[in-house]
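The values are calculated or read from the model by the stated rules, or taken from the named source; none is laboratory data. Nothing here was measured: the structure is a model prediction, and the numbers come from that model. Positions of Cβ are backbone-derived with ideal geometry, glycine not excepted, and every protein chain shown enters the neighbour counts.
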Amino acid sequence: MDEKRHTSTHYEKELREVKQRLLYLGALVEKAIELATEALVDRNTELARKVICDDNVIDQLDVEIEEKCIRMLALRQPTARDLRFIATAIKINGHLERIGDMAANIAEKAIILSEEPPMKPYIDIPRMAEIARSMIKESLDALVKEDTALARKVRMEDETIDNLNEQVFRELLTFMMEDPKKIHRALIIMQISKSLERISDHAVGIADMVMYMVTGKIVRHGPTCQASE
Amino acid sequence: MGLMYARQIRSELIDEIKNDLVAQIRIVALLAKGDIERKLSPLADISRSRVTLIDASGRVKADSEKDLAEMDSHLNRSEIQEARIKGQGEAVRYSRTLGVDMLYIAFPITEGSEVRGYIRFARPLFEVKKAVDQQYSYLYKCILLAIIPSFIIAFLLARKLISPIEKVISYTHKVCSGEASGTLLIESNDDVGQLEKDINRMVREQHERVRAAYEEKAKLEAAFASMAEGVLVINNQNRIEFLNRSLKDILRNEGIADILDKTPLEAFRNVELQDALDLFRDSGGPVLREISLGQETPIILDVTISAVHGLPQEEQKTMMVFHDVTRLKKLEKIREDFVANVTHEIKTPLTAIIGFIETLEEGAIKEEVTAKKFLHIISENAHRLGRLVDDLLILSSIELGEITLRFESISIANVIDSVLPMFETKAAEKSLTVDKWISDGLPFIWSDRDRMAQILVNILDNAVKFTPSGGKISISAVQDDSGFVVVKVTDTGMGIQKSEIPRLGERFYRADKTRSRELGGTGLGLSIVKHLMKAHNGSIDIESQVGRGTTVSLAFPINRLQKA
């Protein structure tokens, strides 16, 4: 989008602005996951509340970006590359907003968990969060660089998270069987784990859209879906 | 002027011929008409003219040259008309037959007052033509003679004028393309010389200015390259235009590379940085913010955003200066933690002591069993305080360099053997297996025996404390390739998180905050080890896996003298 110039500099500016806002949203979302995990691990309720509160900013930005995209579709009637970019932007925007919600969810769970005694130190959850966050980072890097190889890499990493999610599930199951008092906490942690797994799925969604933007092919529901079964 | 002269000559000559002819024609006109008619040809010969006799009605009566039959009425000829009216007529007409101007002079022949006819003399103006032609040819020659040298002179003059200008042009072209060296040679003192002087001065000044600019640029680049702060310049298109080496280094450690020509969001995707930039754009004033960058080991940067001054409005650039304050922040945190820890560590045993003393005072002293139990707790806590103060004293004296190490050549096997028995009871209580493996013929190390023992005690103490019942502790000593004896203490304990390891040497830093204190540690053990290892010129390396165990490697330099 950036290499070729449009005759209308205003149009050009609008496209660039959407990309910048999208990246800003991405940065906010990455930060939200980081802080939510930190709040969970450090049992920091204040930080957790901040994450929940900051989700409003993410939601507002989501609306702003979508409106910008739709206005451009209506007024500029983009074609080819620009059309793909805007379609991609709309979908990535949706993914990012969902990720933001997940982060807020994790923060809510962190508050609940902080009211109960700690079960054991978190090991896999921060790892999952870290991987999920780096997947978002890489998928957005792929968007910036229009790098399909990087986008494909994100798809591969999803498996790691899925495996970790299963591992967490099994571990928590043993905790629950050992001590019924731990069931409540274990279930909440399971939901957190599930949220992180969902985040990674959204990251894959972003990467897929980047692939679509660059190549024009929709690669969603690709062979990895069957392979992971 | 030549033309005027030719015309004057012509009219003068014509006048002369005319006067001549008029004189002749007057004489002839005195003759009788018949006489004239008879003596026409001699008359023509004498007067060197064509003589025509015309009667009063205009009919040609006789002509010295032409056949009468071909001639029409001459009454309308201007010279005849003039002669009829004025008594004498004249005209100059071009004769096609002769190809020359003819001068016609006509005179009336009168008998009394009556005009009987006219006599006309016509003479071709050969002389006049010749004279005029000659005059013209003179003129042409003169003009030619004048023009050629003047051309030559003009050419020479122009060359003289143009050649220095051409020289100047080729010189300035060379200056423009940057291949000129030296100055223009000044050859004259006139305007061109002045121009050459000015150009020389201009070029000299230009060179000076360019040199100064280059120097300034080199200075700036050197300054940017050598300064510890990272510098980044964003152009008016919000794209990164420049970054210095320090910033490249800082960012490379965080896995951020290749950011030229990207927007700050594309390059960093950092909310704090973008917010700071937005604030700068809104406020226009310089903005100072603290941001953290990177994921696994984030760095903290102080960012100053300001405008680059001295540029036109449409080329506004923004400069960001990054100052790495990670270490500073860390030290600040350590100091804060230290104060908090010291007070906490001192306060906990003190609270216990004070609490139990108060209980005793309130009557518990009377119950012997309880009193004894309480006194025991008080004494335990007092000892703990004592240990804490001892450790702090050791630490501060090592840090201040007040402890003098008495270095000697010692065998590490000896020290290990002397230390291990101290843990036998504790290990047996937790049913821990302790393995020892010391390779044969280990070289001596240069060390202080007591401090060496203290190092091993602290490390082994940790291993025993943090290994659950039934675990295994192994201690080994080998010589490595780089001239160190490496003592390794491995346990199957709870392990330490990777992110905690760098902080382990900090005073009062505990990886597991609750457990460690329960186990009676002061939080200073590893700190002391770290400092002692430093004093030994050795190094300490900790590897750990959570839930699996920890390995502490101590590397002591070998005593090269090998004396016992």
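Structure notes:
- All conditions but one from (1) under 60 Å from the mean Cα position of the chain (by Cα); (2) farther than 27 Å from B:Q454 by Cα; (3) of a type in the set (D, E, K, R) apply to B:E358; the one that does not is (1).
- Pick from region B:279-304, criterion acidic (D, E) and in a strand (DSSP E or B), ranking: nearest to B:K248 (Cα to Cα): B:D302
- Test: residue in region A:45-55 that is in a helix (DSSP H, G or I), surrounded by 15 or more Cβ atoms within 10 Å (Cβ to Cβ) and within 11 Å of chain B (Cβ to nearest Cβ): yes
- B:A307 being small (G, A, S) and either outside any helix (DSSP H, G or I) or in contact with a strand residue (DSSP E or B) (Cβ under 6 Å, 6 or more places away or on another chain) (or both): yes
- For the residues B:L157, B:L144, B:L139, the requirement of being outside the structural domain of B:M102 (by TED's automatic domain parsing), part of a helix (DSSP H, G or I) and in contact (Cβ under 8 Å) with a residue 60 or more places away in the chain singles out B:L139.
- Scan of region A:100-142 for residues that are of a type in the set (S, T, N, Q) and without any contact (Cβ under 8 Å) to a residue 60 or more places away in the chain, ordered by number: A:S134
- Selected residue [on the phi < 0 side of the Ramachandran plot and buried (at least 16 other Cβ atoms within 10 Å of the Cβ)] from B:E79, B:E12, B:E65: B:E79
- Residue within region B:367-378 that is at positive phi, outside any helix (DSSP H, G or I) and not assigned by TED's automatic domain parsing to the domain that holds B:Q454 present: no
- One residue stands out among those in region B:43-59 that are of a type in the set (S, T, N, Q) and out of contact with any helix residue (DSSP H, G or I) (no Cβ under 6 Å at 6 or more places or on another chain): the one that is surrounded by the fewest Cβ atoms within 10 Å (Cβ to Cβ), which is B:S57.
- Tally, over region A:66-80, of residues that are farther than 15 Å from A:K13 by Cβ and assigned to a helix (DSSP H, G or I): 6
- If you check B:L288, B:L301 for being touching a strand residue (DSSP E or B) at 6+ places or on another chain (Cβ under 6 Å), aliphatic (A, V, I, L, M) and either within 14 Å of chain A (Cβ to nearest Cβ) or within 28 Å of A:I131 (Cα to Cα) (or both), only one passes: B:L301.
- All positions within region B:232-251 that are under 25 Å from A:E17 (Cβ atoms) and either within 14 Å of chain A (Cβ to nearest Cβ) or outside any strand (DSSP E or B) (or both): B:I234, B:N235, B:N236, B:Q237, B:N238, B:R239, B:I240
- On the stretch given as region B:164-195, residues that are within 36 Å of the chain's Cα centre (by Cα), part of a loop (DSSP other than H, G, I, E, B) and not charged (D, E, K, R) total 8.
- Only one of A:I106, A:I136 that is away from chain B (no Cβ under 14 Å) and surrounded by 18 or more Cβ atoms within 10 Å (Cβ to Cβ): A:I106
- Residue list for region B:252-278, restricted to those being in a helix (DSSP H, G or I), within 14 Å of chain A (Cβ to nearest Cβ) and of a type outside the set (G, A, S): B:P264, B:L265, B:E266, B:F268, B:V271, B:E272, B:L273, B:Q274, B:D275, B:L277, B:D278
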